[in-house]
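First the structure, in the form of structure tokens, and then the observations on it.
The values are calculated or read from the model by the stated rules, or taken from the named source; none is laboratory data. It should be emphasised that the depicted structure is a prediction, and the values quoted were computed from it without experimental measurement. Don't worry about glycine lacking a Cβ; one is built from the backbone with ideal geometry, like all the others, and counts go over all protein chains shown.
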Amino acid sequence: MQEPNTAARPFSALRLFFTGIVMGIADLIPGVSGGTMAFIMGIYEHLLSAIKAFNLQVLRLLGRGRWRAALSSIPWGFLIPLGAGIGVAALGMARVMRYLLEYQTVYLFAFFFGLIVASIIAVGTTIKWSRGAAAALISGAIAAYIIVGLVPLKMPHDPITLFFSGVLAIMAMILPGISGSFILLILGQYAYVLDAVADLNLLAVVPVALGAVVGLAGFVRLLSWLLRNYHNIAVAVLMGFMVGSLRKIWPWKEVIETALDRHGKAIPIREQNILPNIAAPEFWVALAIAVVGFFLLSVIDHMQTGANPVMRRLGWERRPQQPHQRDWQVTS
């Protein structure tokens, strides 16, 4: 098997920019991962490959003053539009998402619920199912289900704890189905890190940033190796993470326990999923929004691959660029 080559199979800058916006929006929502959106939008392995380009060789070239050679080895044509989209979403959508999270949570989560269900179906059809793949799917789903249900811990804020919090958060952020910000919340570091960033407290920010760099550099290589050598099992595990994450973004919840945030406002820290009231208009609106999200993802996937099972079942035949080949798949 070969690693995806971003130069050999380029994406348009517009598509990467739009994908970055989707990833940025997802990262603004606790419980939704930007990695999930990268996986759904078909750039996941290419993103891993692009991150891996920042290696020791680049550092050596920079140390020798060979800036042009160092910079030329980085896939800027992939990273710049993607990063620009993430930045636009972070700056332009933060207030909108904050409003939706506070006042329209059910509808927002319903939309992402529909997106992820559609992506699970799309990914599931690409896996060569076996007992091993099924076990990997179940293991990933159970792990994600447990993680997203954890109650925030009370942890110290010393540099070592902050460093390892950064490692775990970035690992979660790159994984589909698990939110990096939610991991910080579980570890009791979320509010502290936010305050540190706002106050430019470098004694707190630097350990987290270093942990993120170390975690990203190591974990991306591990993921790439797994996808290259155990692709079917690895994709099944990632699919399981998305299945398990549905627990977190189920639209209807009941708050069991709250805590005060840095502004003294009560925020939920423990919730349980409940069944919706199907007689309420809210349920039918949320269901319609979920269906829109489901078909939006299915259409996008089918336009990319021509092999989406939902669209093909509905009679939309479109010849794929490579039969049953998606961007997250690698060829042997």
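Checking the conditions here, which among Ala53, Ala94 is in contact (Cβ under 8 Å) with a residue 60 or more places away in the chain, on the phi < 0 side of the Ramachandran plot, surrounded by fewer than 18 Cβ atoms within 10 Å (Cβ to Cβ) and of a type outside the set (D, E, K, R)? Walk me through how you get there before you give the answer.
Details: Ala53 fails: in contact (Cβ under 8 Å) with a residue 60 or more places away in the chain.
Of Ala53, Ala94, the one residue that is in contact (Cβ under 8 Å) with a residue 60 or more places away in the chain, on the phi < 0 side of the Ramachandran plot, surrounded by fewer than 18 Cβ atoms within 10 Å (Cβ to Cβ) and of a type outside the set (D, E, K, R) is Ala94.
Is segment 263-284 home to any residue that is assigned to a helix (DSSP H, G or I), modelled with pLDDT of 90 or more and touching a Gly at 6+ places or on another chain (Cβ under 6 Å)? Let's see the steps before the verdict.
Step one: of segment 263-284, the residues assigned to a helix (DSSP H, G or I) are 281-284.
Remaining after also requiring modelled with pLDDT of 90 or more: 281-284.
Checking which are touching a Gly at 6+ places or on another chain (Cβ under 6 Å) leaves us with none.
No, segment 263-284 contains no residue that is assigned to a helix (DSSP H, G or I), modelled with pLDDT of 90 or more and touching a Gly at 6+ places or on another chain (Cβ under 6 Å).
Could you identify the single residue in Leu275, Leu223 that is more than 18 Å from Val151 (Cβ to Cβ), within 22 Å of the chain's Cα centre (by Cα) and either exposed (fewer than 13 other Cβ atoms within 10 Å of the Cβ) or hydrophobic (A, V, I, L, M, F, W, C) (or both)?
Values: Leu275 fails: within 22 Å of the chain's Cα centre (by Cα).
Only one candidate qualifies: Leu223.
If I ask for residues that are under 26 Å from Gly42 (Cα atoms) and either out of contact with any helix residue (DSSP H, G or I) (no Cβ under 6 Å at 6 or more places or on another chain) or hydroxyl-bearing (Ser, Thr, Tyr) (or both), which ones from segment 238-290 would you list? Can you show your working first?
So the first thing to find is which residues in segment 238-290 are under 26 Å from Gly42 (Cα atoms), and the list is 238-251, 287-290.
Correct list: Leu238, Ser245, Leu246, Lys248, Trp250, Leu287, Ala288.
Within segment 210-249, can you find the residues that are among the aromatic types (Phe, Trp, Tyr) and free of Cβ contacts under 8 Å to residues at least 60 places away in the same chain? First the steps, then the outcome.
Let us first name the residues in segment 210-249 that are among the aromatic types (Phe, Trp, Tyr), namely 219, 225, 230, 241.
Within segment 210-249, Phe219, Trp225, Tyr230 meet the criteria.
Name the pairs: first residue in segment 72-88 and of a type in the set (Phe, Trp, Tyr) and at pLDDT 90 or above, second residue surrounded by 15 or more Cβ atoms within 10 Å (Cβ to Cβ) and outside any helix (DSSP H, G or I), Cβ to Cβ under 8 Å, at least 6 apart or on different chains?
If the second residue must be surrounded by 15 or more Cβ atoms within 10 Å (Cβ to Cβ) and outside any helix (DSSP H, G or I), the pairs left are Phe78/Thr6; Phe78/Phe11.
Matching residues to (1) of a type in the set (D, E, K, R); (2) touching a helix residue (DSSP H, G or I) at 6+ places or on another chain (Cβ under 8 Å); (3) surrounded by 18 or more Cβ atoms within 10 Å (Cβ to Cβ):
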position	(1), (2), (3)
Ala26	no, yes, yes
Val32	no, yes, yes
Ile40	no, yes, yes
Ala69	no, yes, no
Pro81	no, yes, yes
Gly87	no, yes, no
Lys128	yes, yes, no
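Find all pairs meeting these conditions: Cβ atoms under 8 angstrom apart; at least six residues apart or on different chains; first residue within segment 197-209 and under 17 Å from Met171 (Cα atoms); second residue of a type in the set (A, V, I, L, M, F, W, C).
Pairs found: Pro207/Ile160; Pro207/Leu162; Pro207/Phe163; Val208/Leu162; Val208/Phe163; Val208/Ala169; Val208/Val193; Val208/Ala196.
Scan segment 266-279 and report the pairs whose first residue is within 8 Å of Trp252 (Cβ to Cβ) and whose second residue is assigned to a strand (DSSP E or B) and modelled with pLDDT of 75 or more, with Cβ atoms within less than 9 Å and a gap of 6+ or a chain change.
Cβ pairs passing all conditions: Asn273/Lys253; Asn273/Glu254; Ile274/Lys253; Ile274/Glu254.
Could you please give the count of residues in segment 158-185 that are more than 17 Å from the chain's Cα centre (by Cα) and β-branched (Val, Ile, Thr)?
Residues of segment 158-185 more than 17 Å from the chain's Cα centre (by Cα): 158-165.
Adding the requirement that they be β-branched (Val, Ile, Thr) leaves 160-161.
Qualifying residue count for the region: 2.
Check Ile74 against each of (1) assigned to a helix (DSSP H, G or I); (2) over 23 Å from Arg247 (Cβ atoms); (3) aliphatic (A, V, I, L, M) and name the one condition it does not meet.
(1) is the only condition that Ile74 fails.
In the set Ala196, Ala209, Ala172, Ala204, which member is among the aliphatic types (A, V, I, L, M), closer than 30 Å to His302 by Cα and assigned to a helix (DSSP H, G or I)? So that I can check it myself, show each step before the final result.
Numbers: Ala196 fails: closer than 30 Å to His302 by Cα; Ala209 fails: closer than 30 Å to His302 by Cα; Ala204 fails: closer than 30 Å to His302 by Cα.
Checking each option against the conditions leaves just Ala172.
Can you name every residue in segment 130-160 that is hydroxyl-bearing (Ser, Thr, Tyr) and buried (at least 17 other Cβ atoms within 10 Å of the Cβ)?
Initial filter on segment 130-160 (hydroxyl-bearing (Ser, Thr, Tyr)): 130, 139, 145.
Correct list: Tyr145 only.
Which ones in segment 299-332 are at pLDDT 75 or above and either in a helix (DSSP H, G or I) or under 18 Å from Leu227 (Cβ atoms) (or both)?
Here is the first cut: in segment 299-332, the residues at pLDDT 75 or above are 299-303, 305-317.
Listed by number, the residues that qualify are Val299, Ile300, Asp301, His302, Met303, Thr305, Pro309, Val310, Met311, Arg312, Arg313.
Inside segment 122-137, can you point out the residues that are at pLDDT 90 or above and either part of a helix (DSSP H, G or I) or of a type in the set (Gly, Ala, Ser) (or both)?
Ser130, Arg131, Gly132, Ala133, Ala134, Ala135, Ala136, Leu137
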